[in-house]
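Q: Sending over a structure as structure tokens; questions will come in a sec.
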Amino acid sequence: MKKALVTGANGFIGSALVKELLANGIEVIALDRDGCNGNIPTCDTVTFIPFDLSSLSDVTPILAEYKPEIYYHLAWFGMNGAARGDAAIQMKNVEWTVEALRQSAEIGCRRFVGAGSIMEYETQAAVFSQGNRPGSAYSYGAAKLAAHTFCTVEAQKLGMDIVWAEITNAYGIGENTPRLINSTLRKIIAGETPEFTSGIQNYDFVYIDDTVRAFRLIGENGKPFCHYLIGSSEAKPLKEFILEIRKTVAPEREFIFGNVPFTGVNLPLETFDCSLTEKDTGFKAEIAFEEGIRRTMDWLKQITQ
């Protein structure tokens with residue numbers, strides 16, 4: 001791979017992927033909303049092109065001129081907050097993802113790499129469990145699952161190679177969302193007492209540097225029409241991860257378990273198996289959770305001072 005296109009290139013994972021590709025000698029065509037390029041490196045091997053998901057076809061003629069080989073589609077509206085549970089918004093994301101796949105074929109890419117989620121598995125478990133009443137946040141997972149399905153079918157029609165990358169829980173330097181690790185570390189810095197569910201549900205976390213290395217390797221080495229989980233290969237009950245956070249950065253602090261109700265589903269540990277990813281792509285997570293937490297905490301302290 002000599003040239004790749006990345007949508008959502010200014011985001012947490014997107015900007016880290018751009019840097020990973022550049023570090024490996026790959027030229028990048030970076031797409032994000034107009035004015036959203038502050039996290040994208042400025043150099044001769046990066047071309048920033050402003051775009052909008054709702055009018056993706058507007059930039060097709062421009063993209064065709066650059067002839068990227070692989071199309072990494074990370075752009076997704078409504079990953080956090082109320083929009084995560086908004087069915088109308090999430091269904092638009094499905095439509096836009098299919099449009100991105102069609103665009104990748106039109107501009108001559110040899111393969112399309114979609115950004116999926118462990119939520120695809122959680123959604124199936126939550127929705128198809130008799131009598132269960134899944135919360136609105138599962139709209140996000142349902143949309144990821146639908147995008148995965150529609151794009152796989154469409155890729156076959158187009159004669160296009162597709163590979164689907166499913167992220168467990170990426171964290172690390174550069175994240176500004178209210179997700180669990182970020183919010184927990186920020187509460188520690190602010191002197192607040194973190195509260196959690198009982199933490200018996202199985203979980204996995206993967207540091208951002210490992211996450212984007214996995215994306216690169218999945219794009220380069222993944223087999224067509226296969227899906228690959230991106231994780232640490234060390235999944236375990238969530239409480240064990242949380243206790244490791246406390247041990248690493250706040251051993252003197254009290255963490256309260258059981259005060260937050262758990263309304264999700266508990267996936268079996270085998271769901272988090274990354275052995276196929278390791279076998280087919282050569283990826284294996286390298287950054288231990290303890291080290292990733294230290295790095296993230298040091299960064300958060302710097303930006304919150």
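Q: Using θ = phi - 60° and the Karplus curve 6.51 cos²θ - 1.76 cosθ + 1.60, what whole-Hz ³J(HN,Hα) does each residue of region 64-72 get, with Gly and Pro shown as x?
A: 4, 5, 8, 6, x, 8, 10, 10, 9
Q: Run the Debye formula on the Cα coordinates of region 69-174, all scatterers equal and no solvent, and tell me log10 I(q)/I(0) at q = 0.12 1/Å.
A: Cα-only, vacuum Debye calculation for region 69-174: -0.42.
Q: Would you kindly derive the ³J(HN,Hα) couplings of region 235-250 from the backbone phi angles with the Karplus curve 6.51 cos²θ - 1.76 cosθ + 1.60 (θ = phi - 60°), listing them in order in whole Hz, with x for Gly and Pro?
A: 5, 6, x, 3, 4, 5, 5, 5, 5, 5, 4, 4, 4, 7, 10, 8
Q: How much of the accessible area of the chain, in percent, comes from carbon and sulfur atoms when a 1.4 Å probe is used?
A: Details: 6960 of 13880 Å².
Reported share for carbon and sulfur atoms: 50 percent.
Q: Read phi for every residue in region 22-30 and hand back ³J(HN,Hα) as whole Hz from Karplus 6.51 cos²θ - 1.76 cosθ + 1.60, θ = phi - 60°, with x for Gly and Pro.
A: Each residue of region 22-30 in turn: 4, 5, 10, x, 9, 6, 10, 9, 9 Hz.
Q: While we're looking at this one, here's another question. At most 10 other C-beta atoms within 10 Å and a DSSP loop state: those are the exposed GluC sites (Glu not before Pro) I care about. Give me the longest piece of the chain that has none. Can you show the working numbers first?
A: Working: sites that count: Glu252, Glu254.
Result for the longest clean stretch: 1-251.
Q: Relative to the longest principal axis of the chain, what angle (0 to 90°, nearest 10) does the C-alpha long axis of helix 87-106 take?
A: Roughly 40 degrees, rounded to the nearest 10.
Q: Within straight cross-link reach of Lys239, meaning Cα distance under 19 Å, which lysines are found once same-chain residues fewer than 8 apart are removed?
A: Lys187, Lys247
Q: Comparing Val163, Val249, Val28, which has the greatest mean-square fluctuation in the GNM of the chain with Cα pairs linked when under 10 Å apart?
A: Val249
Q: Say R0 is 35 Å: what FRET efficiency, to the nearest 0.05, do Lys284 and Cys43 get from their beta-carbon distance? Intermediate results must be reported in sequence, preceding the final value.
A: Values: r = 29 Å, r/R0 = 0.83.
Efficiency at R0 = 35 Å is approximately 0.75.
Q: If one computes P(r) from the Cα atoms of region 1-123, what percent of pairs lie at distances over 16 Å?
A: On the way: 4502 of 7503 pairs.
That tail contains 60 percent of the Cα-Cα pairs.
Q: In addition: Which residues make up the longest stretch of the chain clear of trypsin sites (Lys or Arg not before Pro) that lie in a DSSP loop with no more than 16 other Cβ atoms within 10 Å, not counting the sites?
A: After excluding every exposed loop site, the longest remaining stretch is 34-109.
Q: Please list, in chain and number order, the residues 5+ apart from Ile167 or on another chain whose amide H is under 5 Å from its amide H, with Hs placed from the backbone.
A: Gly116, Ser117, Ile118, Ile230
Q: Could I ask something else about it? Summarise the long-distance tail of P(r) for the chain by giving the % of C-alpha pairs beyond 26 Å. Can you show the working numbers first?
A: Values: 20908 of 46360 pairs.
In whole percent, the long-distance tail amounts to 45.
Q: Within region 1-126, what is the number of lysine pairs with alpha carbons under 23 Å apart, leaving out pairs fewer than eight places apart on the same chain? Before the final figure, lay out the partial values.
A: Values: Lys2/Lys19; Lys2/Lys67; Lys3/Lys19; Lys3/Lys67; Lys19/Lys67.
Qualifying lysine pairs in region 1-126: 5.
Q: Another question, if that's okay. Please report the base-10 log of the normalised intensity I(q)/I(0) for region 114-222, using a Debye sum with one equal scatterer per alpha carbon and no solvent, at each q in 0.10, 0.14, 0.18, 0.24 (1/Å).
A: Calculated log10 I(q)/I(0) at the listed q: -0.40, -0.75, -1.10, -1.36.
Q: Using 0.36 nm per residue of separation minus the Cα-Cα distance, give me the extension gain between Phe262 and Thr152 in nm, one decimal. Spell out each step's value before the answer.
A: Details: separation 110, 0.36 × 110 = 39.60 nm, distance 3.27 nm.
Residue separation times 0.36 nm, minus the Cα-Cα distance, leaves 36.3 nm.
Q: Could you check which residue among Ala214, Ala126, Ala288 shows the biggest mean-square fluctuation in a GNM of the chain with a 10 Å Cα cutoff?
A: Per the Cα network of the chain with a 10 Å cutoff, Ala288 tops the list.
Q: Test of understanding: in a Gaussian network model of the chain with alpha carbons linked when under 10 Å, which of Cys36, Cys151, Cys274 would top the mean-square fluctuation ranking?
A: Checking each option, the largest mean-square fluctuation is seen for Cys36.
Q: What residues qualify as long-range amide H neighbours of Lys236, i.e. H under 5 Å apart, gap of 5 or more or another chain, H built at 1.01 Å from N?
A: Tyr203
Q: Label points 7 Å out from Cα along the Cβ direction at Asn24 and Glu291: separation in nm?
A: 1.8 nm
Q: Right, next: Using just the Cα positions, wrap region 139-186 in a convex hull and report its mean projected area in square nanometres, one decimal place.
A: Working: hull surface 18.3 nm².
Taking a quarter of the hull surface, the average projection is 4.6 nm².
Q: If you don't mind, there's one more thing I want to ask. In debye, nearest 20: dipole of the chain around its Cα centre with unit charges on the Cβ of K, R (+) and D, E (-)?
A: So the dipole magnitude of the chain works out to roughly 160 debye.
The values are calculated or read from the model by the stated rules, or taken from the named source; none is laboratory data. Since the structure is predicted, the reported quantities are computational estimates derived from the model, not experimental observations. Ideal geometry is used to build each Cβ from the backbone, glycine not excepted, and the neighbour counts take in all protein chains shown. For the accessible areas, the whole protein counts, side chains as well, though only heavy atoms, and no ligand, DNA or RNA atoms are used. Shrake-Rupley method; radii C 1.70, N 1.55, O 1.52, S 1.80 Å.
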